[in-house]
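First up is the structure itself, then whatever we jot down about it.
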Amino acid sequence: MEEQDKILHEVTSKEYEFGFSSDFDMDTIPKGLNEDVIRVISAKKEEPEFMLNFRLEAFRKWQKMTMPDWAYLKIPPIDFQEIIYYAAPKKKPQYESLDEIDPDLLETFNKLGIPLEEQKILSGVAVDAVIDSVSVKTTFKETLAEKGIIFCSFSEAVKEHPDLIQKYLGMSVPVTDNFFAALNSAVFSDGSFCYIPKGVKCPMELSTYFRINASGTGQFERTLIIADDDSQVSYLEGCTAPMRDENQLHAAVVEIIALDRANVKYSTVQNWYPGDKNGKGGVYNFVTKRGICRGESSKISWTQVETGSAVTWKYPSCILMGDNSVGEFNSVALTNNYQQADTGTKMIHIGKNTKSTIISKGISAGKSDNAYRGLVKVMPGASNARNFSQCDSLLLGSNCGAHTFPYIEVANKSSIIEHEATTSKIGEDQIFYCNQRGISTEDAIGMIVNGYAKEVLNKLPMEFAVEAQKLLQISLEGSVG
Amino acid sequence: MTQTRINKKAVSEKYSELYKEKRSLLDEGSSPLLNRMRDVSMKRFEQVGVPGFKNEDYKYTNLERVFGKEYRHVLAYETVDVDLNEVFQCDVPQLDTYTVLLINGWYYARNLQLEGLPEGVVAGSLKQISNEQPELLENYLNRQAALSNDPLVALNTAFAKDGFFLYVPEGVKLEKPIQVINLTRGQEATFSTQRNLIITGAKTEAKVIFCDHTLSSIDCLGNNVTEVFVGDGAVVDVYTIQNQNNKSNSVNSSFFKVGEKSNLLSGVACLHGGLIRNNLVVSLDGEHSEAGVFGMSFTDKRQHVDNFTNILHNKANCLSNQLYKNVLDEDSVGAFTGRIHVARDAQKTNAFQRNNNVLLTDTAKMNTKPQLIIDADDVKCSHGATVGQIDLDALFYMRARGINENDARMMLMNAFAHEVVQEIRVEALRDRIDELVEKRLKGELAKCHSCDIN
Amino acid sequence: MLTIKNLRASVEGKEILKGINLEIKPGEIHAIMGPNGAGKSTLGNVLSGREGYEIEEGEVTFLGEDLLDLSPEDRARKGLFLSFQYPVEIPGVPMVNFLKTSVNEHRKFKGLEPLTAGEFLKLMREKKDMLHLDSQLTNRSVNEGFSGGEKKKNEIFQMAMLEPKLAILDETDSGLDIDALRVVAEGVNALKSPEHSTIVITHYQRLLDYIVPDFVHVLYNGQIVKSAGKELALELEEKGYDWIKKELV
């Protein structure tokens, strides 16, 4: 036991690998938030009036809202006037090739092990790299353009495709949806936009990597994905952030709209800086992600591997409006040291014969708290709705917490809703069995945790799955008891 | 409910005003043990007020409506013009119990003497015993309820004057269950505040059955609190059978403090009623104890039943097992919140919970919120919840064997309910509940015969 | 190879092993028999380093080294293999990955290069053929959903892959059909060589029809009360354990 404790301790005490920051020239505006700041952001981005109005409306609503306090999280008060709401690399880059990109930036990506070039060449992934809010480089744009697919930065989309933006922005996540979504709507700097036309199957995985970079800047990403009738797309989002002492705020919004028979798969590996082993620093991650299955037989599937952030508040959701539409949520959330996570999903069944599946695997280690919170709601008209939820929690060590808060609200008799949850500690007999075959406790824990999370990891695209597995192992290093 | 919007503040203020107005009446004739808690409890109530939708713990039950109505508060004992012992005879076959009657929250003055109670057992009126033998209560009264943040528990403490009291001294085993029949009767809308206290010493055995009945077809609201202290090594059963008319509303908060190596069984059967909210808190405060917590409800029309449980595993090596089942018909609404909280050092905890619900119509609604809060690692905890219809495959199988659809449905529903019923450890009561459930499912009046009177 | 001197061990304050003495030389097969509760499985667990056992007294040397000082994984890597009475299920971990990690850990310990995927698969095929196993088992998660017989066959398969110096078979025969019993016997017999030793812990004589022991020991009430050649097993089968108990009184 003692030996195990020791190993677990060693494993948990491993420092964040990706903690470094690069010195770019930043174009920032002073900290604080008021209507003028919002006007400046909008003006800097040369936005049309409807965007400014969208932002101002959101800001006015936000001022009347209060930060939600129902989550199982302990968050020190956040001073929203101490945050810088806009930072962009000074030289607005419009590069033809990677050679022109700031070497510092490339170096950063190299340290992360996600070199753009290799990504581009080896995996065939088009990468839209977002560093501190402004899109720097989009690759494979031409290939995509041939198919009529639009994949670009959000600002670019505002300029080039204002009609699409005006029609769909705020459809999944209205400005008043919640405190953080309202804040994002008011100040979001940039993000990604994706439109898949009717009948098109996107030939490659689309991907963005987010990073928080400038000291004291909040990160307010906005992603909008529209899948038109009979289209199909798989979207990857990965996050790593450099080490910072003060807590950084991240309040992103992701909106997905799936029209008739469209199929959208959204995968995330989130590895923002979780703070050090004493709970100092780390990212506050308050994210609103929601997809609407507007069309009949459409499908939205969320897969997430969450290992980072000091605080995670995130509920990727599906509104199943179209008849026969399908929602999926697959999640692995790992917390260690002093991390806190309150994450889960909402499945709102509106259309007939709608189906949803929830698989959540929580892993708590160190002194962390890990909560699943999920809502399954069946409206009166949602005949034959089906939901199956499985929420498992694994505890590593006796100082952490694992919590489960499902909400099930059913108003239709022909629906069948099933929820199961279990909580248990990592099996000592499993560890011993591995030991007896010559496998060290640390490797055994990594193996068992990966096995436990496998059902979800299997849903990730191949290249992501490997990264996620490594991440689980790294995040656990030093942690079981 | 075409009620006009109720001003939340006004609802709560009504109770504050009533309290001020009746302050001296509340103290009159009550033991100082009760009176000393009133002011502080009223303050606690006023801080939150009558819980509305915004209160996470009352998310699925709007109490402002029933608390907002005008009631006559029964703040002093009222003599009854008939002999309830004759009017009311519980006729459950073979159910041999010590029976006591309470009327509108008060211990009935003409209760028959309980014959044959073992020596040292004290059973009777909380008001009387708290005045005459305060030493029996002083270390127990409000010791569990005061830990609650629920404003309605505080409201009960502020207004409570009487209720049922039971004391079972160490080592005593009660051969027969004690049956407490709570009657509601009156000419106009009535609000009752009943306070029960059950203390069982170490190595005791006791079974208590609460039966809630209405004798008049009036609007009524009960805000009741029961505290049960289960001694070390004791085996205690507490059953509640709710069989009231549809205008009868109640909030019942029960607190169980369980010592070590003891065994508690709590069963709630809700057959009839208007709006019913049952709060149940079990604190497992000693090692190697077991708690079985069971409940079922059958609702129709516009009934509303909300069961809220909180099982606190404060000590290691305990087992809790919860099973709640609801069958919802017509426009009824059901809610279940089941919380399991395993404290930091409560290792080797086994805590299980299941909630199964059947919706019979498209206008019935079920909300369920099972919760696990786990702060120890060497535990086995699980919860499962389902909402759906009866098993259609099983139904088809039975029909394919020649059983007509209606009978097949009934059989399946009975089987569904029986899983809870079978946990009852009083045989005659178990049979009776099975029978009542069957009648209830067939749509026949499922009242006990003697409760048919108006 | 293995020397046990006056080994006393307890579980939660209750003494289970009350002074075991045993000497196993390279190439020998020892059978340890005894009634239920005699301490047979405890012996296997203590030797392999399972937690929850207090060593009160005694010493165990394995290949000249103090065994009790080593971590379970180092005992395994040095060549001590325990075939579990109840093999553990590890959901989601494919047998292939598990075994590959295990084999390469053993190789690393010996200072050998890890096997490449190709080499590993080849080795696996050889061993499977040797034991006439169907190839499905290795595609599944470790022991997950395996039948009792499959689990035991899987233990023997792992043993064949790891080629331990000393294998301890803890009730490997219990609940096995003839086919599985044959696999177990083949596995043990294939390993038989002047360098490899085996301890067969069993309740019945049945397995000893297939694996012929050099010595049979009777473990009773935490002590080895009788040791003899293979004929002792037959005697036990015939008379049960009662005569030994009587002899002791």
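The values are calculated or read from the model by the stated rules, or taken from the named source; none is laboratory data. Just so you know, these numbers come straight off a predicted model, no measurement behind them. So basically every Cβ, Gly included, is an ideal-geometry build from the backbone, and we count neighbours across all protein chains shown. Protein only, heavy atoms only, side chains kept; ligands, DNA and RNA dropped before computing areas. Shrake-Rupley method; radii C 1.70, N 1.55, O 1.52, S 1.80 Å.
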Out of the helices (runs of 4 or more DSSP H) lying entirely within the stretch C:34-146, which hold 2 or more residues that are more than 14 Å from chain A (Cβ to nearest Cβ) and modelled with pLDDT under 90? C:117-131
From the list A:Asp27, A:Asp23, A:Asp69, A:Asp5, which one is among the acidic types (Asp, Glu), open to solvent by 40 Å² or more (accessible area, probe 1.4 Å) and either in a strand (DSSP E or B) or at pLDDT 85 or above (or both)? A:Asp27
Determine whether the stretch B:266-283 contains at least one residue that is farther than 19 Å from B:Asn182 by Cα and in a loop (DSSP other than H, G, I, E, B). no
Residue check, B:Gln89 against (1) at pLDDT below 80; (2) within 15 Å of B:Gln194 (Cβ to Cβ); (3) of a type outside the set (Phe, Trp, Tyr), all met but one. Which one? (2)
Given the condition open to solvent by 10 Å² or more (accessible area, probe 1.4 Å), of a type in the set (A, V, I, L, M, F, W, C), away from chain C (no Cβ under 13 Å) and free of Cβ contacts under 8 Å to residues at least 40 places away in the same chain, answer yes or no: does some residue in the stretch A:381-401 qualify? yes
Evaluate the following for B:Asp150: is it closer than 29 Å to B:Tyr167 by Cα, crowded, with 16+ Cβ neighbours inside 10 Å and of a type in the set (Asp, Glu)? yes
In the stretch A:266-311, the residues that are at pLDDT 95 or above, more than 19 Å from A:Tyr235 (Cα to Cα) and not small (Gly, Ala, Ser): A:Glu296
Could you say which residue among C:Lys165, C:Lys108 is open to solvent by 20 Å² or more (accessible area, probe 1.4 Å), touching a Pro at 6+ places or on another chain (Cβ under 9 Å) and in contact (Cβ under 8 Å) with a residue 40 or more places away in the chain? C:Lys165
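Just wondering, is there one or more residues in the stretch B:124-134 that are part of a loop (DSSP other than H, G, I, E, B), under 13 Å from B:Leu166 (Cβ atoms) and modelled with pLDDT of 95 or more?
Yes - at least one qualifying residue is present in the stretch B:124-134.
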Return a yes/no flag: does the stretch B:16-36 have any residue that is surrounded by fewer than 19 Cβ atoms within 10 Å (Cβ to Cβ) and touching a strand residue (DSSP E or B) at 6+ places or on another chain (Cβ under 7 Å). yes
Of the residues that sit in the stretch A:247-293 and are of a type in the set (Gly, Ala, Ser) and over 13 Å from A:Thr312 (Cβ atoms), which one is surrounded by the most Cβ atoms within 10 Å (Cβ to Cβ)? A:Ala258
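So is A:Glu409 over 23 Å from A:Ala365 (Cα atoms), away from chain C (no Cβ under 14 Å) and part of a strand (DSSP E or B) or not?
yes
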If a residue counts only when it is within 12 Å of chain A (Cβ to nearest Cβ), which strands (runs of 3 or more DSSP E) contained entirely in the stretch B:303-389 have at least 3 such residues? B:319-328, B:333-342, B:349-359, B:365-374, B:379-388
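Kindly indicate which of A:Ser398, A:Ser424 is more than 23 Å from A:Lys355 (Cβ to Cβ) and in a strand (DSSP E or B).
Sole residue among the options that is more than 23 Å from A:Lys355 (Cβ to Cβ) and in a strand (DSSP E or B): A:Ser424.
Scan the stretch A:156-174 for residues that are open to solvent by less than 10 Å² (accessible area, probe 1.4 Å) and either of a type in the set (A, V, I, L, M) or closer than 22 Å to A:Asp36 by Cβ (or both) and report the count.
Within the stretch A:156-174, the first condition is being open to solvent by less than 10 Å² (accessible area, probe 1.4 Å), and the residues that meet it are A:157-158, A:165, A:172-173.
Retained after the next criterion (residues that are either of a type in the set (A, V, I, L, M) or closer than 22 Å to A:Asp36 by Cβ (or both)): A:157-158, A:165, A:173.
Here the count works out to 4.
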Output for the stretch A:416-437, where each listed residue is surrounded by 24 or more Cβ atoms within 10 Å (Cβ to Cβ) and away from chain C (no Cβ under 14 Å): A:Ile417, A:His419, A:Ala421, A:Thr423
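Here is a yes/no grid of residues against (1) surrounded by fewer than 18 Cβ atoms within 10 Å (Cβ to Cβ); (2) within 25 Å of C:Ile199 (Cβ to Cβ); (3) touching a residue at least 12 places away in the same chain (Cβ under 8 Å):
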| residue | (1), (2), (3) |
| --- | --- |
| C:Leu112 | yes, no, no |
| C:Glu126 | yes, no, no |
| C:Thr138 | no, no, yes |
| C:Glu144 | yes, no, yes |
Residues that are under 21 Å from A:Gly446 (Cα atoms) and open to solvent by 10 Å² or more (accessible area, probe 1.4 Å): list the strands (runs of 3 or more DSSP E) wholly contained in the stretch A:317-368 that include at least 2 such residues. A:355-365
How about the stretch A:438-473: which of its residues are more than 8 Å from chain C (Cβ to nearest Cβ), among the β-branched types (Val, Ile, Thr) and either open to solvent by 50 Å² or more (accessible area, probe 1.4 Å) or not in a helix (DSSP H, G or I) (or both)? A:Val466
What are the residues in the stretch A:305-315 that are assigned to a strand (DSSP E or B) and either in contact with a Lys or Arg (Cβ under 8 Å, 6 or more places away or on another chain) or open to solvent by 10 Å² or more (accessible area, probe 1.4 Å) (or both), if any? A:Glu306, A:Trp313, A:Lys314
Can you find, within the stretch B:284-302, the residue that is surrounded by the most Cβ atoms within 10 Å (Cβ to Cβ) among those that are part of a loop (DSSP other than H, G, I, E, B) and either touching a strand residue (DSSP E or B) at 6+ places or on another chain (Cβ under 7 Å) or of a type in the set (Phe, Trp, Tyr) (or both)? B:Ser289
